[in-house]
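S.K.: A single structure is presented below for examination.
The values are calculated or read from the model by the stated rules, or taken from the named source; none is laboratory data. These figures come from a predicted structure and were not determined experimentally. Glycine also receives a Cβ, built like all others from the backbone with ideal geometry; neighbour counts cover every protein chain displayed.
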Amino acid sequence: MFESKLPTVGTTIFTRMSQLAAETGALNLSQGFPDFDGPQALRDALAQHVAAGHNQYAPMAGLPALREQVAAKIARSYGRMLSADLEITITPGATQGIFCAIHALIRPGDEVIVFDPCYDSYEPATVLAGGHCVHVPLALPDFAIDWQRLSDAISPRTRLIVINSPHNPSGALFSRDDLDRLAALIRGRDIYLLSDEVYEHLVFDGAQHASVLAHEELYARAFVVSSFGKTYHVTGWKTGYVVAPPALTAELRKVHQYVSFCCVTPLQWALADYMAAYPEHVNQLPAFYQAKRDLFCQQLAGSHLQFTPTAGTYFQLADYSAIRDDLDDVAMAQWLTREHCVASIPVSVFYQQPPANLRLIRFCFAKREDTLRQAAEKLCAI
C-alpha cells in the first residue's frame, strides 16, 4: 500500500471555499486575491516584454534588473543596503520561497516553532523535510506573542522560528519591541528565523511595519520572504522573493534551483520596469487598502458581526457569535456562503488545536467598492 508523506493534508480551505463560492454564485471574500486588475503600466510592460522575445530562461537567482530594484526598495523602506547578487533570490511565489528556506535548514528530527493561527504551508514543508512543528498559540484577543509559552517551547532541537507580520489571518502587527525580545531570547542559540512579510506594505492608521530587514541582529540569521503578487495586485503571477545573508542565500539557492530553477522571465522584466518607473507605488498602498478596510467596516456597522478594524493585511476578522452561536466556524463559513452568498474563511483551520468556542471568520477586502458594499449589505441583512 502507498503511504502518504502528508497523510493529514487535503485540499486547502482556500480552494474549497473558492469552489463553494463559484458553485453557489456567492461573493468571494474568502481567498486572498483582488477582484481588480494590477496597474495598467505593469500589464502593458508584460505584453511588451513577451512581444520583445524575453521568453527564455532567466538566471536561476532572478533577473539582475529585478533583484536590483528589490535592493533599491529595501534601502528606501528599511535602510538596509543589500547585495543584489548575494542576498536576493526571486522565487515563483512566496510559498515556494518559504518551502525552499525550510528545506535549506531543516533536517530529520529538527523542530520548527510556528505561531497559531498560522499560514497553512509552514507545517507541510517542515514535515516533508523531516522536521516537526511545535505550535505556540498567540494570545487572544490581540494575537500577541505569549513570551513565556515561546520560551517554554524552545528545546535543544529547535532549529527555526517562523514569524509572520503583518499577520495572516488576524492582521496583527509585531512591533520592534517584539523583534528585540525575540533576538534576546534566541541570542547564543543555534536557531534561525523565517520572517513571512508578504503584507509588509499593508499597514494602517499610520503604523510602521517592523521588518526583520531593519533589525541587524535578527537579519544575520534570517530568511525574509515577500511577494510581488500581494504588493502589485497580481497574485496570479506567483512571483516573490527571499532576502537572506550571503551564506543562507547560498543554501536557499541550492534548493531553489532543483524546485523550479527560475521564475517566468517576462514577468520579471515587467516588474523590474514598473518598480523603476513607479517607486511610489508601495508608499500608496497603506492608504489604498485602508480606504477599502474603512469602507467595509463602515458598511458592516449595522450588522450583528463584532470586529475591530484590522491593523494590517487585507483581511478583516469578525466574531459571528451574535448571529449563529450554534455553529462552529467551518459550518458558519459554509452556511454564509450557501444561504447568504458571501464566502469567508474559518479561522480555526489556521490552528493545530483551536481555542474552545472560537467564533471567528476572515473576510478579504481586497475587492472593488461595489463588491464590498454588496457583501456588507448581505451580511447586514442576517
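S.K.: Quick one: what pairs do we get from region 171-196, first residue touching a residue at least 12 places away in the same chain (Cβ under 8 Å), second hydroxyl-bearing (Ser, Thr, Tyr), C-beta under 7 Å, 6+ apart or different chains?
M.R.: 171/310; 171/313; 173/165; 174/165; 185/151; 191/158; 196/119
S.K.: Taking the criterion of being more than 21 Å from residue 231 (Cβ to Cβ) and not aliphatic (A, V, I, L, M), would at least one residue in region 73-90 satisfy it?
M.R.: Checked against the condition, which is being more than 21 Å from residue 231 (Cβ to Cβ) and not aliphatic (A, V, I, L, M), region 73-90 yields at least one hit.
S.K.: Do any strands (runs of 3 or more DSSP E) entirely within region 185-291 hold 3 or more residues that are within 18 Å of residue 32 (Cα to Cα), and if so, which?
M.R.: Per the criteria, 222-227.
Residues checked against (1) touching a Ser or Thr at 6+ places or on another chain (Cβ under 9 Å); (2) in contact (Cβ under 8 Å) with a residue 24 or more places away in the chain; (3) not β-branched (Val, Ile, Thr):
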| site | (1), (2), (3) |
| --- | --- |
| 314 | no, yes, yes |
| 319 | no, yes, yes |
| 338 | yes, yes, yes |
| 344 | yes, yes, yes |
| 353 | no, yes, yes |
| 364 | yes, yes, yes |
| 370 | no, no, yes |
| 373 | no, yes, yes |
| 379 | yes, yes, yes |
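S.K.: Go over the candidates 95, 89 one by one and state the one that is in a strand (DSSP E or B) and either of a type in the set (D, E, K, R) or at pLDDT 95 or above (or both).
M.R.: Every option except 89 fails the conditions.
S.K.: Turning to a different aspect of this structure: Does any residue in region 45-68 that is in the same structural domain as residue 227 (by TED's automatic domain parsing) come within less than 6 Å, Cβ to Cβ, of a residue that is part of a loop (DSSP other than H, G, I, E, B) and surrounded by 15 or more Cβ atoms within 10 Å (Cβ to Cβ) six or more places away or on a different chain, and which pairs are these?
M.R.: From residues that are in the same structural domain as residue 227 (by TED's automatic domain parsing), the pairs are 57/262; 58/262; 60/262; 67/84; 68/84.
S.K.: Is region 146-156 home to any residue that is of a type outside the set (D, E, K, R), outside any loop (DSSP other than H, G, I, E, B), over 21 Å from residue 350 (Cα atoms) and in the same structural domain as residue 108 (by TED's automatic domain parsing)?
M.R.: Within region 146-156, one or more residues are of a type outside the set (D, E, K, R), outside any loop (DSSP other than H, G, I, E, B), over 21 Å from residue 350 (Cα atoms) and in the same structural domain as residue 108 (by TED's automatic domain parsing).
S.K.: Mind listing whichever residues of region 17-40 are buried (at least 19 other Cβ atoms within 10 Å of the Cβ), of a type outside the set (Gly, Ala, Ser) and in a helix (DSSP H, G or I)?
M.R.: Answer for region 17-40, where residues must be buried (at least 19 other Cβ atoms within 10 Å of the Cβ), of a type outside the set (Gly, Ala, Ser) and in a helix (DSSP H, G or I): just 17.
S.K.: So if I check each of 80, 76, which one is at pLDDT 95 or above, assigned by TED's automatic domain parsing to the domain that holds residue 168, loosely packed, with under 14 Cβ neighbours inside 10 Å and of a type in the set (Lys, Arg)?
M.R.: One residue alone meets the criteria, 76.
S.K.: A follow-up question, please. From 127, 136, grab the single residue that is over 18 Å from residue 14 (Cα atoms) and either touching a Leu at 6+ places or on another chain (Cβ under 6 Å) or not assigned by TED's automatic domain parsing to the domain that holds residue 240 (or both).
M.R.: Testing whether each residue is over 18 Å from residue 14 (Cα atoms) and either touching a Leu at 6+ places or on another chain (Cβ under 6 Å) or not assigned by TED's automatic domain parsing to the domain that holds residue 240 (or both) leaves just 136.
S.K.: From the list 95, 89, which one is in contact with a Phe, Trp or Tyr (Cβ under 8 Å, 6 or more places away or on another chain) and among the hydroxyl-bearing types (Ser, Thr, Tyr)?
M.R.: Checking each option against the conditions leaves just 89.
S.K.: Among the candidates 337, 308, which residue alone is surrounded by fewer than 18 Cβ atoms within 10 Å (Cβ to Cβ) and either out of contact with any strand residue (DSSP E or B) (no Cβ under 6 Å at 6 or more places or on another chain) or in a helix (DSSP H, G or I) (or both)?
M.R.: Being surrounded by fewer than 18 Cβ atoms within 10 Å (Cβ to Cβ) and either out of contact with any strand residue (DSSP E or B) (no Cβ under 6 Å at 6 or more places or on another chain) or in a helix (DSSP H, G or I) (or both) holds for just one of 337, 308, which is 308.
S.K.: Does residue 69 satisfy the condition of being buried (at least 16 other Cβ atoms within 10 Å of the Cβ), at pLDDT below 95 and out of contact with any strand residue (DSSP E or B) (no Cβ under 6 Å at 6 or more places or on another chain)?
M.R.: no
S.K.: With modelled with pLDDT of 95 or more, among the aliphatic types (A, V, I, L, M) and touching a Cys at 6+ places or on another chain (Cβ under 6 Å) as the only criterion, which of 193, 202, 218, 252 stands out?
M.R.: Being modelled with pLDDT of 95 or more, among the aliphatic types (A, V, I, L, M) and touching a Cys at 6+ places or on another chain (Cβ under 6 Å) holds for just one of 193, 202, 218, 252, which is 252.
S.K.: Right, here's the next one. Mind counting the residues in region 98-111 that are over 18 Å from the mean Cα position of the chain (by Cα) and either in a helix (DSSP H, G or I) or not assigned by TED's automatic domain parsing to the domain that holds residue 127 (or both)?
M.R.: 3
S.K.: Something else: Residue 60 versus (1) part of a loop (DSSP other than H, G, I, E, B); (2) within 21 Å of the chain's Cα centre (by Cα): which is the lone unmet condition?
M.R.: Going through (1) part of a loop (DSSP other than H, G, I, E, B); (2) within 21 Å of the chain's Cα centre (by Cα) one by one, residue 60 breaks only (2).
S.K.: Continuing with the same structure: Keeping to region 78-131, report how many residues are within 21 Å of residue 219 (Cα to Cα), without any contact (Cβ under 8 Å) to a residue 60 or more places away in the chain and among the small types (Gly, Ala, Ser).
M.R.: Result for region 78-131: 1.
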